[in-house]
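Only the coordinates and a few stated rules stand behind these numbers; no lab work does. Since this is a predicted model, take the numbers as computed values, not measurements. In this analysis, Cβ positions are derived from the backbone assuming ideal geometry, glycine residues included, and neighbour counts consider all displayed protein chains.
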Amino acid sequence: MPARPCGGPLYLGMLTIALSCAPAFADQLEQDYLQQKEAIGSRFEQANTGCKSLAGNARDVCVAKARADREIGLAELEAGYRNTEEARTNASRTRAKATYEVDKEVCDELGGNNRAVCDVDAKARRDKALADVDAGRKTVAASDEADRVRRESDYKVAKQKCEALAGDARAACIDAAKKRFLE
């Protein structure tokens, strides 16, 4: 039995349904995003309210943890919603910075050299985390650059092979190579 070409009534019906559902799906994603954002805000308010019963540095640490949880939650939600490398990088940076803010508050409880060591350790952990984020971003950029160089090299080889052809065949060969390696 020969294969049926796309475009029959069943195919067109399924395509129509899929395209008509796309806006509803996007609306649902935005609604989920907004609900999760609201939930993060509510969790922060609850945690912050719980901190009011504490005093001194314990309260400061509690508030810092609540803020960090909110900032990290919002950044990760945004990264999931936007689904871009930049948003994921921002979420990782936010995690490193927010964790550092909590660590600083924890260090405030200590005194003397212990506090100085704690502060240096907290900064070192933050700096390492930020360096890891930057290294990951550079790795992605380096990988993209390597892919570009590979595609251009493959194109040059394919184009050179096309040089053996003449006229329309050569032009078609070069166009096919461009589509395959450069687009």
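Obtain the nm distance between the two label points defined at residue 106 and residue 149 by a simple spin-label model: each point lies 7 Å from its Cα along the Cα-to-C-beta direction.
Each label point lies 7 Å from its Cα, and together they span 4.2 nm.
Give me the net charge for the shell around residue 92: Cβ to Cβ below 15 angstrom, other residues only, Lys and Arg +1, Asp and Glu -1.
With Lys, Arg at +1 and Asp, Glu at -1, the net is +2.
Given that compact globular proteins tend to follow 2.2 N^0.38 Å, what is the ratio of the alpha-carbon Rg of region 29-109 to that value? Before the final figure, lay out each step's value.
Working: Rg = 14.0 Å, N = 81, 2.2 N^0.38 = 11.7 Å.
Normalised Rg, Cα atoms only: 1.20.
Among the listed pairs 138/161; 138/179; 128/179; 52/97, which have their C-alpha atoms separated by more than 32 angstrom in this model?
Exceeds cut-off: 138/161; 128/179.
When the Debye formula is applied to the Cα atoms of region 98-183, each taken as the same point scatterer, what base-10 log of I(q)/I(0) results at q = 0.12, 0.22, 0.24 Å⁻¹?
Reported log10 I(q)/I(0), two decimals: -0.57, -0.95, -1.03.
With only alpha-carbon atoms counted, please give the Rg and Dmax of region 104-143, in Å.
Expressed in Å, the Cα Rg and Dmax of region 104-143 come to 14.7, 46.
Give me the Kirkwood hydrodynamic radius of the chain in Å, from all C-alpha pairs, to one decimal place?
Taking every pair of different Cα atoms in the chain, averaging 1/r and inverting gives 22.1 Å.
Report the extension gain between residue 58 and residue 138 in nm, rounded to one decimal, defined as 0.36 nm multiplied by the number of residues separating them, less their alpha carbon distance. Mind dumping the intermediate values first?
Numbers: separation 80, 0.36 × 80 = 28.80 nm, distance 3.89 nm.
Here the segment from residue 58 to residue 138 would lengthen by 24.9 nm.
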